[in-house]
Every structure is written in C-alpha cells, then in structure tokens.
1. Among the residues of segment 24-64, write down those that are assigned to a loop (DSSP other than H, G, I, E, B), open to solvent by 60 Å² or more (accessible area, probe 1.4 Å) and closer than 24 Å to MET115 by Cα.
2. Determine the pairs where a residue that is touching a residue at least 60 places away in the same chain (Cβ under 8 Å) and more than 15 Å from GLN124 (Cα to Cα), located within segment 194-213, has a partner that is open to solvent by 50 Å² or more (accessible area, probe 1.4 Å) and small (Gly, Ala, Ser) with Cβ atoms under 8 Å apart, the partner being 6 or more residues away or on another chain.
3. Suppose the filter is open to solvent by 40 Å² or more (accessible area, probe 1.4 Å), closer than 25 Å to PRO204 by Cα and basic (Lys, Arg); does ARG67 pass it?
4. For segment 114-132, how many residues meet the condition of being under 24 Å from PHE10 (Cβ atoms) and in contact (Cβ under 8 Å) with a residue 24 or more places away in the chain?
5. So, in segment 131-145, how many residues would count as being surrounded by 14 or more Cβ atoms within 10 Å (Cβ to Cβ) and assigned to a loop (DSSP other than H, G, I, E, B)?
6. Can you tell me which residues in segment 157-186 are touching a residue at least 60 places away in the same chain (Cβ under 8 Å), part of a loop (DSSP other than H, G, I, E, B) and either open to solvent by 60 Å² or more (accessible area, probe 1.4 Å) or of a type in the set (Lys, Arg) (or both)?
7. Of the numbered conditions (1) modelled with pLDDT of 95 or more; (2) not in a helix (DSSP H, G or I), PRO223 satisfies every one except a single condition; which is it?
8. Just the residues that are touching a residue at least 60 places away in the same chain (Cβ under 8 Å) and under 19 Å from ALA161 (Cα atoms), please, taken from segment 1-49.
Amino acid sequence: PPATPGAYAFPRLAEDVEALRAHLGLERFALLAHDAGAATAQAYAAAHPERLTHLVLLNPGSRLQGRLPDDAREIFEARAAEADWWEDAYVAVKLLGHATDLDEIRGLLLRAAPMAYGRWELPQQEHAADEGEQLNPVPRAAFWQGVTEARRQAVLEGLRAVPAPVLVVTGDRDAITGMRSGEAVAASFPHARLRTLHEVGHYPWVDEPELLRPLVEDFLTAPD
C-alpha cells in the first residue's frame, strides 16, 4: 500500500501500468479495463498512446467525460417486476447511502448485488459473494484525489489523439454504470466502436462469457 492515499488517484495508477509494462519489457500491448479501471486505462492511453495496440473498456463510467447519465437508475427500476430480489436490493441501495460500518456496507452490497447482473443465477451469486472482500474505502475515496478540472481536461485532450482502436462494451441490464456512459466514453476517442450486449449487466464475463469472448478476440485479431 502507498504511503499516502493520493497515490490511489487514477492518473497515478496509470503510471503503475507503465511501470509494469517496462518491467515486462513490452514495447506495445493491448489493455483491457473494467468499470472504474477504465478511468485508469484512459489516463494511461492519454499519457502513453504510443504503447497501445488496442484498448478495451468494459462497462465504463463517464465521470471523466463530465457526464453522469441516469439510465442506470432507469434500468434498475425497469426490472422491478422481474424477480423477487428487486425489493430487497432497492432497500439495500437506499441504506448504502447512509452506512459507515465496513461490515454493514459489505452486507448491503451483497443484498444489492443482483442489480449488477443480467440475471441472478449460481455463477452470478458466486461472483457477488467474493466482491465484498475486495472493498477498501481508502483507495475508493482517493481515486479522484488531486484530479483537478485542468487535469481532467488534459486527459480528455489526450484521448482525442489516441491512434489505437478502442472497443467499448456495455450491457443493456447494467444498473451500475448503464449504457449512456459507454456512449460518452466511446465519443472521446477518434477510433472507437461501441457494442451493447443484450441481457448483460455490469459483469459481461459472468453473464455471457460466450458473447464477450469472441467479441474481444475478433477485435484484437482484426486486420488494421
């Protein structure tokens, strides 16, 4: 762990990616990131565009783009009649806004977890059961620490010059980041394509691995 929380800010994390690249001796490589990690990947692309052959961003948020679409809430509310988990997940989401105890937060996140998936079956339940152990409030709180408006704009300016092809993937049942965030992220790059997967939530490799795998493989192997 770093000595100061500011080292968890995503532009600093992007430099960790660059340090790893240098350590591995990679001249150029393909980078895939998910959710908040997509902000780190975009900061890396802006700072080191010459290092990327491809960039894949799964279910990204669009705070970096200065947009906070509300279609994730619309997706969640539209699923109210779908299953018996919805009401408890709705209550858990409301309680999360006031919870401070870490164990309580982990319990609420598990109750709210079904909203993150395209369906709530055994693979999704097993994946969700491990999520709480990854929760650490320090890096979460520090992710945007020290990122000024000027720094945010500088990253966006850098994205407009990224030569690598970019694939942005969203899910039409993603009640965490929604679909419109992906649209905003894709629009930030000169060579981006957007794909929305049907009946897929925030974790496409859990909901529909057989849809995601060929999509990413075809993107990585397609001729220039």
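The values are calculated or read from the model by the stated rules, or taken from the named source; none is laboratory data. Source: prediction; values computed, not measured. Because the Cβ atoms are built from the backbone with ideal geometry, glycine has one as well, and the counts that use them run over all protein chains shown. To get the accessible areas, we keep the full protein, side chains included, count just its heavy atoms, and leave off ligands, DNA and RNA. Shrake-Rupley method; radii C 1.70, N 1.55, O 1.52, S 1.80 Å.
1. ARG63
2. Note: no pairs meet the criteria.
3. Yes: the conditions hold for ARG67.
4. Adding up the residues that qualify gives 3.
5. Number of matching residues: 3.
6. If the condition is that a residue be touching a residue at least 60 places away in the same chain (Cβ under 8 Å), part of a loop (DSSP other than H, G, I, E, B) and either open to solvent by 60 Å² or more (accessible area, probe 1.4 Å) or of a type in the set (Lys, Arg) (or both), then ALA161, PRO163, ARG173, ILE176 are the ones that fit.
7. Condition not satisfied by PRO223: (1).
8. PRO11, ALA30, LEU32, ALA38, ALA39, GLN42, ALA43, ALA45, ALA46, ALA47, PRO49
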